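The values are calculated or read from the model by the stated rules, or taken from the named source; none is laboratory data. Note that this is a predicted model, so its numbers are computed, not measured. Cβ placement follows ideal geometry from the backbone for every residue including glycine, while neighbour counts extend to all protein chains displayed.
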Amino acid sequence: MKYTILQHPGHNRVYYNSADKLAMAELKIASTHLSVSCNNIEITEIGNVRYLLFETDNVLSENDLQILSRLSFLFAIFRVDKLKDETCLVPIKKHNYQYLDSKISTLLKYHGKTNEIFTRMMINLALLSSDFDYSENIKILDPVAGKGTTLFEAAVSNFDVYGIEIEPKAVHETTIFFKKYLEMERLKHISTKRQVYGTNKSNGVFIQEFEYARSKEEFKSQDSIKRLGIVNGNSKEADKYFKNEDFHLIVGDLPYGIVHGNTGAKKTGAIIRNPSELLSECIPAWYKVLKKGGVIVMAWNSFLVSRQKLAGIFNEYGFEVLDQTAYNEFEHMVDKSIKRDIVVAKKV
């Protein structure tokens, strides 16, 4: 059997000439989870339109289509047939996995924002690389949450998600935005603010948490309620805010040294713009809150530090960095000062 995938037009717009390489790498990793053997993944043109083409030894199952439908770049999927001497593309219905409308990630705009398609890819890779699957109640942490792109993309994917962000203004803007979104979409919800660390209010660390559902009936059931929360705190203290082995996945975008930054513990008030320094500060706590078999996916600016050095830090703290060929094909230029790459590390 032959199948083609039409890439989302936004994927090509954002990554220009890197779009094909990133899409093929994500597809190669996803293909290892299909019930069929997947071969000959390549770029092809049909009717002057570019597609990803792949071959299987049997028909894609419903579960296979669920996996493929979550690919960050997928816009449409087709079965390739022959009608006389003509190539025919037969559209296949995608699996609708979205709990919230994906427009939520595009509404909040600000300088330095990570593109939502790239964030979607990181979340997808994290789950595909872990010991967990889409049938479980996945819980994700973004320990460098910024203004919430990862939180919103995880919510779209029907996951519970929590973030840590040290800048009070960013936390405030994220919570105000999400509350307005829930009200605009008329989703049943409640929001609470509670202390998660500290001896009193003056030195306390607080979480703003939302519980929400798409209907009143769903909201009555604890099993149907979804959760999103953000802590105004320091990521190196993640284990003080959350329980041990609380999260299936950790996904985030490390400081690029240009717009992004985070506050370190070694120098009070100083901004850490080097991803290796931030990792060394935070990984011990991240390790504690991540479940066994869970995965960390982090993006970083490879102009600042090499993949080898970052991998060494993860290995030092007990992670296994996945280095099969496809995992080394995500590096791409964002602009002249940022060459973005991702590292995928598993707690084994």
**OP:** Report whether or not Ser18 is over 19 Å from the mean Cα position of the chain (by Cα) and either modelled with pLDDT of 95 or more or more than 24 Å from Thr87 (Cα to Cα) (or both).
**Re:** no
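Taking segment 181-203 on its own, how many of its residues are assigned to a strand (DSSP E or B), of a type in the set (D, E, K, R) and in contact (Cβ under 8 Å) with a residue 40 or more places away in the chain? Outline the logic, then answer.
Keep residues of segment 181-203 that are assigned to a strand (DSSP E or B), which gives 188-197.
Then keep just the ones that are of a type in the set (D, E, K, R); that gives 188, 193-194.
From what's left, in contact (Cβ under 8 Å) with a residue 40 or more places away in the chain: none.
Residues in segment 181-203 being assigned to a strand (DSSP E or B), of a type in the set (D, E, K, R) and in contact (Cβ under 8 Å) with a residue 40 or more places away in the chain: 0 in total.
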Subject >> Selection within segment 316-333 - among the aliphatic types (A, V, I, L, M), crowded, with 17+ Cβ neighbours inside 10 Å and in contact (Cβ under 8 Å) with a residue 40 or more places away in the chain >> reply: Leu322, Ala326
Original post:
Do we have Val171 as outside any helix (DSSP H, G or I), touching a residue at least 12 places away in the same chain (Cβ under 8 Å), closer than 21 Å to Ser235 by Cβ and among the aliphatic types (A, V, I, L, M) here?
Top reply: no
Subject >> Tyr97, sole failed condition from (1) touching a residue at least 24 places away in the same chain (Cβ under 8 Å); (2) outside the structural domain of Gly294 (by TED's automatic domain parsing); (3) more than 30 Å from Thr175 (Cβ to Cβ) >> reply: (3)
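Residues are listed down the side, and each one gets a yes or a no for (1) loosely packed, with under 15 Cβ neighbours inside 10 Å; (2) outside any helix (DSSP H, G or I); (3) of a type in the set (A, V, I, L, M, F, W, C):
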{"residue": "Glu45", "(1), (2), (3)": "yes, yes, no"}
{"residue": "Thr87", "(1), (2), (3)": "yes, yes, no"}
{"residue": "Tyr99", "(1), (2), (3)": "no, yes, no"}
{"residue": "Ile117", "(1), (2), (3)": "no, no, yes"}
**OP:** Pairs only if they're at least six apart or on different chains, beta carbon under 8 angstrom, first in segment 297-315 and within 23 Å of Val348 (Cβ to Cβ), second hydroxyl-bearing (Ser, Thr, Tyr) and surrounded by 18 or more Cβ atoms within 10 Å (Cβ to Cβ); list them, first residue then second.
**Re:** Val297/Ser129; Ala299/Thr114; Trp300/Tyr256
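In the list Ser69, Ser35, Ser31, Ser61, which residue meets the criterion of being surrounded by 18 or more Cβ atoms within 10 Å (Cβ to Cβ) and closer than 25 Å to Ser135 by Cα? Break it down stepwise before answering.
Working: Ser69 fails: surrounded by 18 or more Cβ atoms within 10 Å (Cβ to Cβ); Ser35 fails: surrounded by 18 or more Cβ atoms within 10 Å (Cβ to Cβ); Ser61 fails: surrounded by 18 or more Cβ atoms within 10 Å (Cβ to Cβ).
Just a single option satisfies the conditions, and that option is Ser31.
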